[in-house]
Structure formats: C-alpha cells, structure tokens
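A short worksheet on the structure shown next.
The values are calculated or read from the model by the stated rules, or taken from the named source; none is laboratory data. Bear in mind that the values here come from a model prediction, so they are computed numbers and not experimental data. Positions of Cβ are backbone-derived with ideal geometry, glycine not excepted, and every protein chain shown enters the neighbour counts.
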Amino acid sequence: MDILVLGGAGQVGTELQAHAWPDGVRVHAPTREALDITDPAAVASVLAERDYAAVINTAAYTAVDKAEADAIAAWRLNALAPAILANETRARDIPLVHVSTDYVFAGTKPEGAYAPDEPVDPQSVYGASKAAGEFAVRTGNPRHAILRTAWVVSPHRGNFVKTMLRLAAERDRLTVVDDQHGCPTSATDLAAALATVALRMAEDPAAPTGTFHCVNDGSTTWCGFAKAIVAGGAKRGGREVPVEGIPTSAYPTPARRPSNSRLSTGSLREAYGILPRPWQDALDDILDTLAGPVRP
C-alpha cells in the first residue's frame with residue numbers, strides 16, 4: 001500500500017514519516033522542489049506514478065502574520081492547492097485526508113469548545129485561506145476527511161515549546177499572553193490520527209467522511225502552556241524563570257488571534273475510535289526528546 005504525504009518537511013509531515021505504519025505500507029513524501037502542489041499537471045503526474053491508496057495533505061502556508069501582507073502566496077498554498085488535490089484524487093478515486101486549523105473560526109465563543117459543524121468565520125488571511133481550502137476539499141472529493149487542529153508542537157522545526165525553552169535559557173523573566181485559550185497538540189499524536197484515518201479510508205470505501213477535530217485532551221492559555229514548558233524544562237536541567245501573563249492587547253500582531261481556539265474531538269472519537277491523550281502527557285514526551293528525561 002502506497003501513501004502520499006504532502007508537506008513532509010513540516011512538523012506533522014516529519015512525524016508521519018517516522019510513524020510506525022503497518023507492514024507493507026510505503027510512505028512517499030516528495031519535497032517542495034520535487035512537487036509543486038499548486039501545479040495541476042505536476043500533481044496529476046505524481047499521482048499517475050503509483051496506485052496510491054490515500055493522500056495526506058499537511059502542506060500549508062502557516063506564517064499567520066506574514067500572510068496578512070502576502071495573501072496571494074497564502075491562498076495559493078492553502079486554497080488553490082487543496083482544490084487541485086481534491087480534483088486529481090477524485091478523478092482516481094483516492095481518499096484525501098487534509099489538515100486544517102482552528103483559525104477558520106472567529107474564536108469569540110464565550111465558553112466551551114467549537115464543534116466541527118459550527119459556522120466558520122475566519123478573522124485573518126490565514127484563516128480565510130484555510131477555510132477556502134476546506135471548501136475546495138469538501139466539494140472536490142466526496143472521499144475526504146478534514147482534520148482541524150491547533151497549537152501544534154513537536155521536537156521538530158520552530159514551535160512554541162522550543163521557543164519557550166530557548167527564551168527561558170536566555171531571559172530572567174517571560175511574559176506570555178494569558179487570555180487566549182486553546183488545546184496544545186502533539187504533532188506525533190496528530191500524525192497517528194491522520195494515519196488511522198487514511199488507512200481506514202484506504203481499506204473501507206464506506207469509512208466516515210467529513211470534518212473532524214484533532215487536538216490533545218484538555219485546554220490552557222498560552223501563558224499556562226509556557227509555565228508547563230518552563231517547569232518541565234527545569235525538571236530536566238533547564239532554567240526555571242517566572243512566567244507572567246499579559247493581555248492580548250499588550251502584544252499586538254498583524255493577524256487577529258482567536259481568544260477561544262478550543263476544539264471538540266467527540267466526532268473523531270465516534271467515527272474512528274481516536275481518543276486523544278492529555279496535552280500534559282504529550283508535552284512530557286516532547287521535553288524528553290528535547291531535554292532528556294526528568295532528573296532525580
């Protein structure tokens with residue numbers, strides 16, 4: 001069985017390639033140089049090379065603030081590319097598993113987590129382009145699964161965990177936004193969920209389709225997350241410095257951030273039996289990789 005992974009150099013793509021796939025599954029992850037997914041002819045050519053059982057798209061333009069001034073590039077990768085992938089996979093009856101984001105919502109819900117079927121209302125170029133990509137997948141290939149996620153972290157690439165560990169080593173005090181709520185998500189766990197969905201869809205034409213949410217269990221604020229990272233790093237020999245909360249208004253950015261990024265994972269559990277573990281446990285695994293085990 002051959003699986004095509006797009007965005008293989010990113011956090012989730014890296015974890016998909018490292019995932020313990022069943023025997024006989026071969027993962028192909030062409031580089032951006034080898035495959036331009038905004039080129040229909042290039043996508044068609046790659047899909048014609050093998051009898052792919054599923055395509056997993058983790059590729060995205062994720063520079064949220066930069067996208068405000070670089071909308072064309074964001075829309076090409078986040079909206080045009082999914083439209084091409086949906087069209088080309090539908091033509092070959094290949095299921096398409098696509099990663100999306102909490103930014104498709106306004107993020108203003110007063111309490112609780114967003115369900116997959118709640119209306120989208122993006123407040124940024126990034127969010128709007130990702131919402132358009134979802135629509136393209138939904139309308140382009142009936143055999144699709146869209147997994148929205150948020151706050152993705154891992155030992156790879158640049159992310160919040162690595163940034164907080166670096167800043168704790170450099171500074172005597174950290175200030176972090178404390179009025180944005182969300183669900184930290186391990187790229188390892190997200191990759192495992194994507195693999196489960198892709199294999200089920202590849203093997204069962206009647207597998208559940210639609211839009212789902214995949215984040216680790218539990219929620220916190222960026223400040224609460226930072227405190228957990230710094231404390232966990234200190235247990236592994238790093239510096240423990242105070243982390244103070246600040247309002248979003250004290251840290252202005254070009255793109256508007258959701259104040260509520262919580263996502264409900266109930267439908268993913270019902271459809272695919274995936275039960276995300278607590279984000280704290282996932283964070284421990286990442287810190288073990290980056291800083292070693294907890295010291296006695």
Query - Conditions (1) more than 18 Å from the chain's Cα centre (by Cα); (2) without any contact (Cβ under 8 Å) to a residue 40 or more places away in the chain; number of the one not met by residue 93 - result: (2)
Report summary line: Turns out the strands (runs of 3 or more DSSP E) fully within the range 151-263 with at least 2 residues that are under 22 Å from residue 57 (Cα atoms), within 14 Å of the chain's Cα centre (by Cα) and modelled with pLDDT of 95 or more are 210-213
Report task. Give the number of residues within the range 104-129 that are within 19 Å of residue 215 (Cα to Cα), of a type in the set (Gly, Ala, Ser) and surrounded by fewer than 22 Cβ atoms within 10 Å (Cβ to Cβ). Result -> 4
Query - Total residues in the range 226-258, condition of a type outside the set (A, V, I, L, M) and out of contact with any helix residue (DSSP H, G or I) (no Cβ under 7 Å at 6 or more places or on another chain) - result: 11
Report summary line: Of the conditions (1) more than 17 Å from residue 99 (Cα to Cα); (2) touching a helix residue (DSSP H, G or I) at 6+ places or on another chain (Cβ under 7 Å); (3) touching a residue at least 12 places away in the same chain (Cβ under 8 Å), the single one that residue 36 does not satisfy is (3)
Query raised in the report: Can residue 41 be described as farther than 18 Å from residue 141 by Cβ, out of contact with any strand residue (DSSP E or B) (no Cβ under 8 Å at 6 or more places or on another chain) and of a type outside the set (Asp, Glu)?
Result: yes
Requested in this report: Consider only pairs whose beta carbons are under 6 Å apart and that are at least six residues apart or on different chains; among these, list those whose first residue lies in the range 59-80 and is within 21 Å of residue 33 (Cα to Cα) and whose second residue is polar (S, T, N, Q).
Outcome: 60/78; 61/78; 74/129; 75/129; 76/38; 78/129; 79/129; 80/38
